[in-house]
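Every number in this text was worked out from the coordinates using simple rules, so none of it is lab data. Source: prediction; values computed, not measured. Please note: Cβ atoms are built from the backbone with ideal geometry, for glycine as well, and neighbour counts cover all protein chains shown.
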Amino acid sequence: MMEPILKGYFILGGQQVFYDDEGTTLYVSIKEPFMKAGHLLNWDEEKCAGFGFNKEIINFVKTRKCYFVVKVISEGKFYWMDYDKLVDFMEKNNTAYILANGTTVTVISWKKFIHVTEHNEI
């Protein structure tokens, strides 16, 4: 992990994140959902969209066993997941997707996240 840009802000795998140490929550923003995730990754729900994250972000959540909040910029919405649900989904499903540039991302079904109207609802 790199030194914080500002207190709580870090770069993980080239992406800026915020970690709230008091609430043990990692905040990440993504541009939009991966709409064909269920189909391409052979999930039971083929029409299910997913959220993709780099390895460093997933490892951070797993190492700290923290909560995970994702802001989907295209929707302006926040989604929340806890460590246990993340690990459970990863153990039971194919989550690895290789991008055109050769980078592997971990894709998690958006249905496993809980929609929250404000990130402070958690």
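Of note:
- The order of Met35, Met90, Met81, going from fewest to most other C-beta atoms within 10 Å of their C-beta, is Met35, Met90, Met81.
- Annotation note: GluC sites (Glu not before Pro) in region 22-113 located in DSSP loop regions with a Cβ neighbour count of at most 13 within 10 Å are Glu22, Glu45, Glu46, Glu75.
- At 0.692 mPa s and 37 °C, Stokes diffusion of the chain via Kirkwood alpha-carbon radius, µm² per second: 224 µm²/s
- Pairwise label distance in nanometres, Tyr83 with Glu45, each label 7 Å out on the Cα-Cβ vector: 2.5 nm
- In this label model, Glu32 and Ser74 are separated by 0.3 nm, measuring between points 7 Å along each Cα→Cβ vector.
- Acute angle (nearest 10 degrees) that the helix 55-64 long axis makes with the longest principal axis of the chain, alpha-carbon atoms: 60 degrees
- Listed by chain and number, the lysines whose alpha-carbon sits under 23 Å from that of Lys111, ignoring those within fewer than 8 places in the same chain, are Lys31, Lys36, Lys47, Lys55, Lys62, Lys65, Lys71, Lys77, Lys85, Lys92.
- Against the chain, whose longest principal axis is taken from its Cα atoms, helix 83-92 shows a tilt of about 20°.
- Selection among Tyr67, Phe51, Gly23 by position relative to the dipole of the chain gives Phe51 as farthest towards the positive end (Cβ unit charges, Cα centre).
- Order of Ile57, Ile11, Ile108 - criterion: other Cβ atoms within 10 Å of each residue's Cβ, fewest first: Ile11, Ile57, Ile108
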